[in-house]
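Enquirer: Handing you this structure, nothing more for now.
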Amino acid sequence: MKQIITIFSGILLVAMLAGTALAIDINTLDQVSVLMPQSQVRSLLGSPDDVIELERGLTADIYKVSKAEPMIGAGCIYQDKRHLVGQAFIFQGTVNREAAERLVQNGYSVTEESGGVFRLAGKDDDTGQPLVARITLDNGVTVIMTFEKGFYDRWDK
């Protein structure tokens, strides 16, 4: 799982800095929930700015985000191009600790913390689906990734 997060974060960062596609807004992004079919996510968010192949049947749609500073981008991770199993949110700056505190205020609990990297457990605010969140910091960029818990448990072995 850590390898996927590292690879995805790097690719997502490069995608955020390239291109001039129209960006999505935070309110539209908030309508997306784990386990949604890819077609439903794309009907809400539109065509992604980029699509990347990860590994073991995972793909990711990359979107630029507008008017949500310090958030600069988001990604939707699909298994076998079918259902959303995770999301990524990219923030400019060192906001990892603040992000963890905000998730705790919203009902998440910290299950691991090491060197500014956090893992938290919680539930999707729309569906109640159990989620795992990982918050990392790399080169002044904070990445928050949330995964459907069953998927995360299978991949984190």
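The values are calculated or read from the model by the stated rules, or taken from the named source; none is laboratory data. These numbers were taken from a predicted model, which means no experiment stands behind them. Cβ: placed from backbone, ideal geometry, glycine included. Neighbour counts: every protein chain shown.
Enquirer: Being of a type in the set (A, V, I, L, M), in contact with a Pro (Cβ under 7 Å, 6 or more places away or on another chain) and either under 18 Å from ARG154 (Cα atoms) or touching a residue at least 24 places away in the same chain (Cβ under 8 Å) (or both) narrows it down to one of VAL41, VAL95, so name that one. I'd like the intermediate steps shown before the answer.
Expert: Details: VAL41 fails: in contact with a Pro (Cβ under 7 Å, 6 or more places away or on another chain).
Within the list VAL41, VAL95, the selection yields VAL95.
Enquirer: Can you name the residue in segment 34-67 that is small (Gly, Ala, Ser) and farther than 17 Å from MET145 by Cβ and is also modelled with the lowest pLDDT among such residues? Show your work before the answer.
Expert: Within segment 34-67, the subset small (Gly, Ala, Ser) is 39, 43, 46-47, 57, 60, 66.
Going one step further and asking which of them are farther than 17 Å from MET145 by Cβ, we end up with 39, 43, 46-47, 57, 66.
Values: SER39: 94, SER43: 91, GLY46: 89, SER47: 89, GLY57: 83, SER66: 73.
Only one residue tops the list, namely SER66.
Enquirer: Are any of the residues in segment 126-138 farther than 18 Å from GLY86 by Cβ and either of a type in the set (A, V, I, L, M) or loosely packed, with under 14 Cβ neighbours inside 10 Å (or both)? Let's see the steps before the verdict.
Expert: Start the filter on segment 126-138 by keeping residues that are farther than 18 Å from GLY86 by Cβ, which leaves 137.
After this cut, where a residue has to be either of a type in the set (A, V, I, L, M) or loosely packed, with under 14 Cβ neighbours inside 10 Å (or both) as well, the list is 137.
Yes, segment 126-138 contains a residue that is farther than 18 Å from GLY86 by Cβ and either of a type in the set (A, V, I, L, M) or loosely packed, with under 14 Cβ neighbours inside 10 Å (or both).
Enquirer: Can you pull out every residue in segment 107-125 that is surrounded by fewer than 14 Cβ atoms within 10 Å (Cβ to Cβ) and closer than 15 Å to GLN87 by Cβ?
Expert: Within segment 107-125, just ASP125 meets the criteria.
Enquirer: Something else now. Residues in segment 35-69 that are out of contact with any Lys or Arg (no Cβ under 9 Å at 6 or more places or on another chain), assigned to a loop (DSSP other than H, G, I, E, B) and surrounded by 13 or more Cβ atoms within 10 Å (Cβ to Cβ): how many?
Expert: 5
Enquirer: Does segment 128-147 contain any residue that is part of a loop (DSSP other than H, G, I, E, B), touching a Lys or Arg at 6+ places or on another chain (Cβ under 7 Å) and at pLDDT below 95? Lay out the reasoning, then the answer.
Expert: Going through segment 128-147, the residues part of a loop (DSSP other than H, G, I, E, B) turn out to be 128-129, 139-140.
Now restrict to residues that are touching a Lys or Arg at 6+ places or on another chain (Cβ under 7 Å): 129.
Next, from what is left, pick out any that are at pLDDT below 95: 129.
Looking through segment 128-147, at least one residue is part of a loop (DSSP other than H, G, I, E, B), touching a Lys or Arg at 6+ places or on another chain (Cβ under 7 Å) and at pLDDT below 95.
Enquirer: Filter segment 80-92 for residues that are in contact (Cβ under 8 Å) with a residue 24 or more places away in the chain and surrounded by fewer than 20 Cβ atoms within 10 Å (Cβ to Cβ) and give the result. Step through it out loud before you land on a result.
Expert: Restricting attention to segment 80-92, the residues satisfying the condition of being in contact (Cβ under 8 Å) with a residue 24 or more places away in the chain are 81-92.
The answer is LYS81, ARG82, HIS83, GLN92.
Enquirer: Among the residues of segment 90-100, is any part of a strand (DSSP E or B) and among the hydroxyl-bearing types (Ser, Thr, Tyr)?
Expert: Of segment 90-100, the ones part of a strand (DSSP E or B) are 90-92.
Still in the list and also among the hydroxyl-bearing types (Ser, Thr, Tyr): none.
Within segment 90-100, none of the residues are part of a strand (DSSP E or B) and among the hydroxyl-bearing types (Ser, Thr, Tyr).
Enquirer: Identify, by number, the condition in (1) under 22 Å from ASP126 (Cα atoms); (2) among the basic types (Lys, Arg); (3) in contact (Cβ under 8 Å) with a residue 40 or more places away in the chain that ARG102 doesn't meet.
Expert: Only one criterion in (1) under 22 Å from ASP126 (Cα atoms); (2) among the basic types (Lys, Arg); (3) in contact (Cβ under 8 Å) with a residue 40 or more places away in the chain is unmet by ARG102, namely (3).
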